[in-house]
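The values are calculated or read from the model by the stated rules, or taken from the named source; none is laboratory data. Keep in mind that this is a model prediction, so the values were computed, not measured. Backbone-built Cβ (ideal geometry, glycine too); neighbour counts: all protein chains shown.
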């Protein structure tokens, strides 16, 4: 008589099989919603403009590399050598230039992490549970990798190295586990290659090979341990060869370690509870909650290491379990390194959005290990069913509401508009430090680099509308107004400090536009008394706007020289290419800048 793998004895309706299906479908729906909202949020925040470190790390690197400077590939970015990421940067700037490829790579690398977790987790050595399947558990956990708490990483074209710095070591640990299971040298060679490649992601990548050597030593593989130990020493030596001192960290790493050990520990614990800061809407109690969650993580991790070592040892039969634990230790080392360098900025630095990716990965690895080692008495139908529903309720009630900020937050439109205003100021050579601070800390550097990128036709700066402004640095003959008319209202003027310019904001209405796309004209010529006196832009249409019904009203932002306000005529004409034109009355201002 055939017996089902999962006993249904003493199980009321719904049956275990039905329960498993319900939870699997719920996990799949949750994963789909998290992925979909993350993609939508990234497209809504997209401008194609470099942000902060991207100016030098991507655009600057590409100009050096194309000029034949091979040292650009190995140059330090802070403490890191982003060699693997620079391969992606080069492909982006050589073939595309709009950063869409790099943003796509972020999602593809997350997909690689999920695939690696599944390779570890699908092994028959890890038993299925009667209520919650491995597939459902993995989908539920990995959905958090698209959580909007790590919006800075999801939306930043620069940070493929963050995902590489965890995907490559995780792949190395998986290969080493395969070697321990099969004793095939090919897996060891591949693990060694990936361990060495990890040093080309970020500075924490140098931890991978020493951890692998330690793992082999505990597994009583002294030769392999020695080989990887030597390789680790060589790659670390090469990594620090020619190492240039980075800008000094506040307090200094040595001082942080020796003089502030308790604060260093606090930083690490808060690091592993950092997502609570965003879920709590930056509440004042977020640091305390993050500290408590981080303490829980530390206790569970230490218990997991002790439990695995005492009850199962270190061998081939539990190599996959050790791969998960080594990955957690690797992330712990990364957190320690971050604390050494960032403690001087305060404990709040531990909750930076960019660190939440590693925190989520660490929790995923720990919870996967806990599922694999769940005692039989807990994984029996009744306790497992109750536990599963509690976990799902927490996930849906805590993470999902925050996730919808990716599609509802007005901050996305504000940041996108201000970044485009900054790019406009740079292209016009206007030192609007307040606006430019949205994409770079130095107005002078930003203007210089923007003009450089425009002249090289590089990236978004080398394309319309910004490239068109290179021809109009000296105000030129005005455009003939098109026949179609539109109206302008809500005109506001703001003085630009320490310059002879004013910001102008307003709304264009009644535009004869069909559905807006990336090809829709955006450059507005501001004309007065028969000459061009300024320029403005319509914001780049978002993905959501291209899907919605045609819009006849949109904001604009731009710049006027101060002398335009001193003219007897207090009206300007806004000409949107061949689309439409509108007359706008300038509001009275107290004084010119």
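Out of the residues in the range 243-266 that are within 17 Å of residue 81 (Cβ to Cβ) and loosely packed, with under 10 Cβ neighbours inside 10 Å, which is modelled with the highest pLDDT? Talk me through it step by step, then tell me what you get.
Going residue by residue through the range 243-266, those that are within 17 Å of residue 81 (Cβ to Cβ) are 243-247.
Among the residues that remain, those that are also loosely packed, with under 10 Cβ neighbours inside 10 Å are: 244-245, 247.
Values: 244: 65, 245: 58, 247: 57.
The extreme case among them is 244.
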Selected residue (only one of 496, 533 is modelled with pLDDT of 85 or more, farther than 30 Å from residue 64 by Cα, crowded, with 17+ Cβ neighbours inside 10 Å and touching a helix residue (DSSP H, G or I) at 6+ places or on another chain (Cβ under 6 Å))
533
Taking the condition of being surrounded by fewer than 16 Cβ atoms within 10 Å (Cβ to Cβ) and in a helix (DSSP H, G or I), how many residues in the range 65-74 meet it?
3
The range 165-184: number of residues that are under 19 Å from residue 84 (Cβ atoms) and more than 15 Å from the chain's Cα centre (by Cα):
8
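Which one is surrounded by the most Cβ atoms within 10 Å (Cβ to Cβ), of the residues in the range 38-62 that are over 22 Å from residue 539 (Cα atoms) and touching a helix residue (DSSP H, G or I) at 6+ places or on another chain (Cβ under 7 Å)? I'd like the intermediate steps shown before the answer.
Let us first name the residues in the range 38-62 that are over 22 Å from residue 539 (Cα atoms), namely 53, 56-62.
Filter once more, keeping what is touching a helix residue (DSSP H, G or I) at 6+ places or on another chain (Cβ under 7 Å): 58-59, 61-62.
Working: 58: 27, 59: 22, 61: 22, 62: 22.
Out of the qualifying residues, it is 58.
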For the range 26-39 the number of residues that are within 14 Å of the chain's Cα centre (by Cα) and under 19 Å from residue 413 (Cβ atoms) is 2
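Taking residue 125, is it in a loop (DSSP other than H, G, I, E, B), in the same structural domain as residue 326 (by TED's automatic domain parsing), under 16 Å from residue 320 (Cα atoms) and in contact (Cβ under 8 Å) with a residue 12 or more places away in the chain?
yes
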The range 91-102, residues that are surrounded by 22 or more Cβ atoms within 10 Å (Cβ to Cβ) and either outside the structural domain of residue 372 (by TED's automatic domain parsing) or part of a helix (DSSP H, G or I) (or both):
92, 93, 102
Can you name every residue in the range 425-456 that is in contact with a strand residue (DSSP E or B) (Cβ under 9 Å, 6 or more places away or on another chain), in a helix (DSSP H, G or I) and surrounded by 24 or more Cβ atoms within 10 Å (Cβ to Cβ)?
425, 427, 435
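Residue-by-condition table, conditions (1) closer than 24 Å to residue 322 by Cα; (2) assigned by TED's automatic domain parsing to the domain that holds residue 83; (3) out of contact with any helix residue (DSSP H, G or I) (no Cβ under 8 Å at 6 or more places or on another chain):
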{"site": "268", "(1), (2), (3)": "yes, yes, no"}
{"site": "274", "(1), (2), (3)": "no, yes, no"}
{"site": "284", "(1), (2), (3)": "no, yes, yes"}
{"site": "288", "(1), (2), (3)": "no, yes, yes"}
Looking at (1) more than 23 Å from residue 460 (Cα to Cα); (2) at pLDDT below 90, which is the only condition residue 82 fails?
(1)
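Scan the range 16-34 and tell me whether some residue there is in a helix (DSSP H, G or I), within 27 Å of residue 420 (Cα to Cα) and modelled with pLDDT of 90 or more. Can you show your working first?
Going residue by residue through the range 16-34, those that are in a helix (DSSP H, G or I) are 16-34.
Filter once more, keeping what is within 27 Å of residue 420 (Cα to Cα): none.
No, every residue in the range 16-34 fails to be in a helix (DSSP H, G or I), within 27 Å of residue 420 (Cα to Cα) and modelled with pLDDT of 90 or more.
Every residue, every condition in (1) within 27 Å of the chain's Cα centre (by Cα); (2) closer than 23 Å to residue 336 by Cα; (3) surrounded by fewer than 22 Cβ atoms within 10 Å (Cβ to Cβ); (4) not assigned by TED's automatic domain parsing to the domain that holds residue 314, yes or no:
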{"residue": "136", "(1), (2), (3), (4)": "yes, no, no, no"}
{"residue": "145", "(1), (2), (3), (4)": "yes, yes, no, no"}
{"residue": "163", "(1), (2), (3), (4)": "yes, yes, no, no"}
{"residue": "186", "(1), (2), (3), (4)": "no, no, yes, no"}
{"residue": "204", "(1), (2), (3), (4)": "yes, yes, no, no"}
{"residue": "208", "(1), (2), (3), (4)": "yes, yes, no, no"}
{"residue": "219", "(1), (2), (3), (4)": "no, no, yes, no"}
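Please tell me if residue 273 is out of contact with any strand residue (DSSP E or B) (no Cβ under 9 Å at 6 or more places or on another chain), part of a loop (DSSP other than H, G, I, E, B) and over 28 Å from residue 312 (Cα atoms).
Working: out of contact with any strand residue (DSSP E or B) (no Cβ under 9 Å at 6 or more places or on another chain): yes; part of a loop (DSSP other than H, G, I, E, B): yes; over 28 Å from residue 312 (Cα atoms): yes.
Yes: the conditions hold for residue 273.
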